[in-house]
């Protein structure tokens, strides 16, 4: 009698497992269909549901893991194609944006150069107090306040004011230096976007207006910002956005490529484990 009960229990268990595998297989087929149709999110949802709903469907779950690798591989390959297209578009925008720019870069000492508007190169702006703008090749926007005068003011910040009285002011510069040339005092302070008190953003928004620049220090000095300098900021600001986008696209592409390599390695390991002869060859 006990043997009969045990036999019936085994049959029920086997029938139950078989029934679970069948139900799980329906989900797996739905995932395959979604994958073939390019609906990767739906495919992943169906695969994840197998683990949640049928945790004992071990064979189907194993097949689901294999399918998930294929889905993730296709997903990353699609991402690469999209990023390549976007990169090509942004590089075309860059080529247009740098027409009036000069790339300052010492190949021996600098890995990353700075783009500066042709109107703001140093040789065209000697003995002048003004705001100079640069965008490095990664898309980091920078500003240097340059004061040149007969007396030192030891400035460490700048303030830009619009005709309506609104203004933006930098915090104290962390990078400032002073020198003299032919009896003229030259002072420079460097600022980066994000640590500039939104001065560069303020200038960009008010680029069509007459702006006043105040050099702030132990003493102050005021000057008008020329239309040429405002245009230089606008062009450099827009170039920086393009270069920043290119930097992020390249970073995302590299991450996607690394994921592809990782998935391909896992698939290769799985195929090797499933092929004893191939595994033996690899071990030898």
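See the values below:
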read-out: Yes/no for residue 181 being surrounded by fewer than 19 Cβ atoms within 10 Å (Cβ to Cβ) and either in contact with a helix residue (DSSP H, G or I) (Cβ under 6 Å, 6 or more places away or on another chain) or more than 21 Å from residue 73 (Cα to Cα) (or both); value: yes
read-out: Members of region 135-160 that are under 18 Å from the mean Cα position of the chain (by Cα) and not in a strand (DSSP E or B); value: 137, 138, 139, 140
read-out: Criterion (modelled with pLDDT of 95 or more and exposed (fewer than 14 other Cβ atoms within 10 Å of the Cβ)) met by exactly one of 273, 255; value: 255
read-out: Scan of region 87-108 for residues that are touching a helix residue (DSSP H, G or I) at 6+ places or on another chain (Cβ under 7 Å) and not in a strand (DSSP E or B), ordered by number; value: 87, 90, 91, 93, 94, 97, 98, 100
read-out: Counted residues, region 194-212 - those being surrounded by fewer than 19 Cβ atoms within 10 Å (Cβ to Cβ) and more than 25 Å from the chain's Cα centre (by Cα); value: 5
read-out: Flag for residue 239 being under 30 Å from residue 80 (Cα atoms), under 23 Å from the mean Cα position of the chain (by Cα) and assigned by TED's automatic domain parsing to the domain that holds residue 132; value: yes
read-out: Set 261, 278: member being modelled with pLDDT of 95 or more and either in contact with a strand residue (DSSP E or B) (Cβ under 6 Å, 6 or more places away or on another chain) or over 30 Å from residue 151 (Cβ atoms) (or both); value: 261
read-out: Matching entry among 104, 59 (being modelled with pLDDT under 95 and within 30 Å of residue 216 (Cα to Cα)); value: 104
read-out: Selected residue [surrounded by 18 or more Cβ atoms within 10 Å (Cβ to Cβ), closer than 30 Å to residue 249 by Cα and in the same structural domain as residue 106 (by TED's automatic domain parsing)] from 130, 215, 191; value: 191
read-out: Test: residue in region 112-119 that is assigned to a helix (DSSP H, G or I) and out of contact with any strand residue (DSSP E or B) (no Cβ under 9 Å at 6 or more places or on another chain); value: yes
read-out: Residue count for region 225-258, restricted to those that are in contact with a strand residue (DSSP E or B) (Cβ under 6 Å, 6 or more places away or on another chain) and without any contact (Cβ under 8 Å) to a residue 40 or more places away in the chain; value: 0
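The values are calculated or read from the model by the stated rules, or taken from the named source; none is laboratory data. As the structure is a computational prediction, the values presented were derived from the model and not from experiment. Neighbour counts are summed over all protein chains in view; Cβ atoms, including those assigned to glycine, are modelled from backbone coordinates with ideal geometry.
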